[in-house]
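The values are calculated or read from the model by the stated rules, or taken from the named source; none is laboratory data. Since this is a predicted model, take the numbers as computed values, not measurements. Backbone-built Cβ (ideal geometry, glycine too); neighbour counts: all protein chains shown. Quick note on the areas: whole protein, heavy atoms, side chains included, nothing else; ligands and nucleic acids left out. Shrake-Rupley method; radii C 1.70, N 1.55, O 1.52, S 1.80 Å.
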Amino acid sequence: LADDQTRPSIDTVAGVLKLYFRGLEKPVFPKDRFSALITCIQIENLLERACRIKNIIETLPSPVVIVMRYLFAFLNHVSQYSDENMMDPHNLAVCFGPTLMGDVPEDQDPVSTQAHVNEVVKTIIIHHDKVFPGVKELQGPVYEKCMTGEEDYCDGLHPEPIEECDQEQETPLETPVSENEAETIEATAKYDYMGRSAQELSFKKGDVLVLHQRASDTWWRGEHSGTKGLIPHQYIIIPEGAEKKMELLTPKTESSSSSCGGSTEELSLEPTTRGRVN
């Protein structure tokens, strides 16, 4: 998988994973536990719901629990990058719910029941560490977020680095506008995006965004409808050749560090780095 020219697409890999679980003679979640799991949705408190689900999963054979523990830890890790891959816990549950829990029983309404199935899987993704026993309680393989052996890289990961910097992140947006910033380009929103802090702009697919300056490899300074803020690079389409023009506006390394004590790369979500899991 080290060769960019020959490696399969991530969509293909995900499809094979789903197909494997879908092709099992018995679903990962046994059919005789289906109703019990669905009734957990009646519990509104997510932690209490997770505890109830845990009690049910504890009754399953150890090999099944080990596989579940590994898979849901991985799905939780994937969901931490939902601003880039669009796979938040809900979307992951929609994709994997039918695969892991099997078909809805014939005596139940498929539409409403499938929504409950997705909610069960979503709860497990979010609270996988509460649902499944640790390695001390159950020996077996455990998914690790970083499997490259690069300890420094692992130590630098933060689930939500932008939110951790919300209170101090005002500095990048309040820096004086350079003369070059008068040279702007227009980009088009590729997807809907909801800003996670006051620093980030929210917009809809198709909106026209004005880019002033490159803040980091994954963020731009710009504006939308008269409001200035940060714009994620992954969510926009930039006219061909425009990025070379904007390189002149990109701050140098010395001036691109955020007020959180690190570089803008630490502040941003870097897909080419954070996705490295073997």
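The residue that is farthest from PHE132 (Cα to Cα), counting only those in the stretch 51-85 that are open to solvent by less than 60 Å² (accessible area, probe 1.4 Å) and not in a helix (DSSP H, G or I), is TYR81.
Being part of a loop (DSSP other than H, G, I, E, B) and open to solvent by 50 Å² or more (accessible area, probe 1.4 Å) is a property that VAL135 has.
Taking every residue in the stretch 102-127 that is modelled with pLDDT under 90 and pairing it with any residue that is open to solvent by 60 Å² or more (accessible area, probe 1.4 Å), at least 6 positions away or on another chain, the pairs with Cβ-Cβ distances below 7 Å are GLY102/LYS31; VAL104/PRO110. When residues in the stretch 86-132 are screened for being open to solvent by 60 Å² or more (accessible area, probe 1.4 Å) and of a type in the set (Ser, Thr, Tyr), 0 of them pass. Return a yes/no flag: does the stretch 35-43 have any residue that is within 28 Å of VAL135 (Cβ to Cβ) and within 23 Å of the chain's Cα centre (by Cα). Scanning the stretch 35-43, I find no residue that is within 28 Å of VAL135 (Cβ to Cβ) and within 23 Å of the chain's Cα centre (by Cα), so the answer is no.
Give the residues of the stretch 12-38 that are assigned to a helix (DSSP H, G or I) and open to solvent by 70 Å² or more (accessible area, probe 1.4 Å), sorted by residue number.
Within the stretch 12-38, THR12, VAL13, VAL16, LEU19, TYR20, ARG22, LYS31, ASP32 qualify.
Regarding ASP83, is this residue touching a Ser or Thr at 6+ places or on another chain (Cβ under 7 Å) and of a type in the set (Asp, Glu)? Spelling it out, it is not the case that ASP83 is touching a Ser or Thr at 6+ places or on another chain (Cβ under 7 Å) and of a type in the set (Asp, Glu). Against the condition touching a residue at least 60 places away in the same chain (Cβ under 8 Å) and touching a Ser or Thr at 6+ places or on another chain (Cβ under 8 Å), how does LEU138 come out, does it pass? Spelling it out, LEU138 is indeed touching a residue at least 60 places away in the same chain (Cβ under 8 Å) and touching a Ser or Thr at 6+ places or on another chain (Cβ under 8 Å).
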